[in-house]
1. Of (1) of a type in the set (S, T, N, Q); (2) surrounded by 14 or more Cβ atoms within 10 Å (Cβ to Cβ); (3) farther than 20 Å from T438 by Cα, N383 satisfies all except one. Which?
2. State yes or no: is L549 closer than 21 Å to V193 by Cα and either outside any loop (DSSP other than H, G, I, E, B) or not assigned by TED's automatic domain parsing to the domain that holds Y200 (or both)?
3. So if I check each of A520, A508, A497, which one is touching a His at 6+ places or on another chain (Cβ under 9 Å) and either surrounded by fewer than 14 Cβ atoms within 10 Å (Cβ to Cβ) or outside any helix (DSSP H, G or I) (or both)?
4. Run down E57, E61 and say which single residue is outside any strand (DSSP E or B) and among the acidic types (D, E).
5. Only one of N633, N648 is surrounded by fewer than 18 Cβ atoms within 10 Å (Cβ to Cβ), in contact with a Gly (Cβ under 9 Å, 6 or more places away or on another chain) and in the same structural domain as I686 (by TED's automatic domain parsing); which?
6. So if I check each of R588, R573, which one is more than 20 Å from R501 (Cα to Cα), assigned to a helix (DSSP H, G or I), touching a Leu at 6+ places or on another chain (Cβ under 9 Å) and at pLDDT below 90?
7. Within the range 318-398, which strands (runs of 3 or more DSSP E) (wholly inside it) include 1 or more residues that are hydroxyl-bearing (S, T, Y) and farther than 30 Å from E94 by Cβ?
8. Go over the candidates T448, T438 one by one and state the one that is within 30 Å of R588 (Cα to Cα), in contact with a strand residue (DSSP E or B) (Cβ under 7 Å, 6 or more places away or on another chain), surrounded by fewer than 24 Cβ atoms within 10 Å (Cβ to Cβ) and modelled with pLDDT of 90 or more.
Amino acid sequence: MSWSVASDVGGTFTDIAHVDDDCVLHTAKVASQADNYGRGVINGIMILASAQNYKIESLKEVLHGCTVATNAILEGKGAKTALITTSGFKDVLELRRIRVPRLYEPLYVKPLPLCPRDLRFEVTERIGAAGNVIQELDKNEVVELARQLKDMEVEAVAVCFLHSYVNDAHERMVGAILRELLPDVFVTLSVEVLPQIREYERTSTTVINAYVGPPVKGYLDRLDHELQERGTYAPVYVMQSSGGQLHSATVKEIPAQIVECGPAAGVIAAQYVAKKICENNVITFDMGGTTAKASMIEQGRLTYSDDYEIGSTMSSPGTIAGGGGYALGLPVINIAEVGAGGGSIVSLDKANALRIGPQSAGAFPGPACYGNQDEYVTVTDANVLLGYLSPIALAGGAIEIDAKLSESVLGQRLSTKFSQKMTTQEIAFGIHTLANETMVKAIKAVTTYRGRDPRDFTMIAFGGNGGIHGVGIARSLGIKRVIVPICAGVFSAVGLAVAERKVTIAAAHLVPLYGASEQAVARLYDELSQKGSRLLKCEHYQATTVKQLDLRLKGQAFDLTIDLGSDQFSPDRIDDITKRFIEEYEIRYSHAPDKNSVIEIVALRMIVTDSTYEPPKTLLMKDEEPRVIAQRNVYFGDGQHDDVNVVNRSFVRQQPVKGPLIIEEYEGTTIVPPDAYVRLDEMRNIVIDFRD
């Protein structure tokens, strides 16, 4: 019997998920191995295979999410990368945009470019904005430059010319020369990665692709090798930041597409569950050990960003703030991220005020309650002292907990610093509440700052700590319902298992909306469809497509994406497209555009899906006998509640039960406060409601 497996690599744990022929989910969780993440993946797969009595030789595919690309950027461990660009434009990476992440910090220092100035080179060439050749490319200059790059032992080269998005001839000539003379160097052309206007975003994205290319390729090659050593030649499919799976061979060519693949997988799983239970408007909240992430699903559809920044203090898209990271112009599911997780270290600032993160204790040494350090307190330690987490063990007994050490370290490091006498529980609750407020910023970034009211949404909380903090955050934002889905602690791995095989691609087409040629638009969409089929490695007739338009008001720098669906663009649809653009504009910017404003098409966008691949039709959990696991004292801010029942998921019924209650599972824990009601829905998701 052939079988497939999903594996999501995090900084602390590697999560494994498998959906069997009866649509029942089977999961495993193993420690990530920082020196070789692939080995952790293999260990998890072998554990699951052994538990299900599967043969590794029968494995047909591995669905994968990893942090290799992101870590290469954040840790500065990417390839030694050179940039070749049009004469006069080598400092685009330094100039960036005027935006800064902190408004009142005039001495703010921008991040150093991934490609330093001594590795940025200009060549003689110039193509105009209309695609006309102003100055021919000097090929001899490129040949000499290739020799120079070889002497400098460059590992990757990014090529980005000023107007190559409208005429790619010069860029492709340079690419051909470099690939012939430097066969061992990873060469990236902007026209292959992001053939769109905006020279800074296009240059930055091309450099990112080159910078992470060798590390990602090396990682995927090693993963293939590890699988082959265990006896399987199963292909690896990797999640993209835009939410679809791609074959690893394609990912090796455009690795920038997987920079945020792990968080994207969680949002895909949330969309899948939301559709099954008829929740159209959802906020996703994913809290792990190091970070917390939020996204928005509106009317059942994902929201995307083309202005994503990697490595900023709060990674999120924005049209006003920003500039704190490296611009990635590829489609990314709109995810805001903050450095607050279960392992986030609690500290005091100069005024003795509590601070959460962004430093994290990681998997090792971990929180004080893990017993490996007594230097600092983490959010997890606070949750143990509040009674939210087991004082004995986590993950089904795999991680032993020392609650007394948490209490001792908190007393030594924090209690003595406060002028007002506070109990250990009061300080711990302060830490828990401050962590919640820190994570509220991420949710506001994808809702309030985009003109949406969080009170109109349901929250789906997942990740190892989502069920612990989701309810408190929801109450703070006025959200009335929180859903903790099945297998919430390994939910990103579940997302890999249910994701479609699809890719989002775009082409520049800068024309007035009312002056657009139906034939020209149709021709470009056909080219995008064929390109998408090649990337997915499927036949053109097997692909389904969704067409989109990137629109803006003439003179503005930022655009909005409007869906066309599967229909063709035609003049008789322009009035409807205009109406929808104005509606979205009013929601986003809180005012209507001037009636005399000209609407422009900036780019054509297409989502191409392989129709031959079918994700699981539903997801089920293994049945368990209802049981009370334990009773313990729990602090909810209004005082301590004695002998609160700690139960498994099966104990919760379809009829609402009033809290307090703690639901404890292998993958995570869910807290039901005294003023909330909890039940299971038809998928066995935990549904927590606040009542007026």
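The values are calculated or read from the model by the stated rules, or taken from the named source; none is laboratory data. Computed from a prediction, not measured in an experiment: that's the story for all the values here. Glycine gets a Cβ as well: all are built from the backbone with ideal geometry, and neighbour counts include every protein chain shown.
1. Only one criterion is unmet by N383, namely (3).
2. It is true that L549 is closer than 21 Å to V193 by Cα and either outside any loop (DSSP other than H, G, I, E, B) or not assigned by TED's automatic domain parsing to the domain that holds Y200 (or both).
3. None of the other options fit; the residue is A520.
4. E57
5. Values: N648 fails: in contact with a Gly (Cβ under 9 Å, 6 or more places away or on another chain).
Criteria check complete, one pass: N633.
6. Among R588, R573, only R588 is more than 20 Å from R501 (Cα to Cα), assigned to a helix (DSSP H, G or I), touching a Leu at 6+ places or on another chain (Cβ under 9 Å) and at pLDDT below 90.
7. Passing ranges, in order: 344-348, 354-360.
8. Within the list T448, T438, the selection yields T438.
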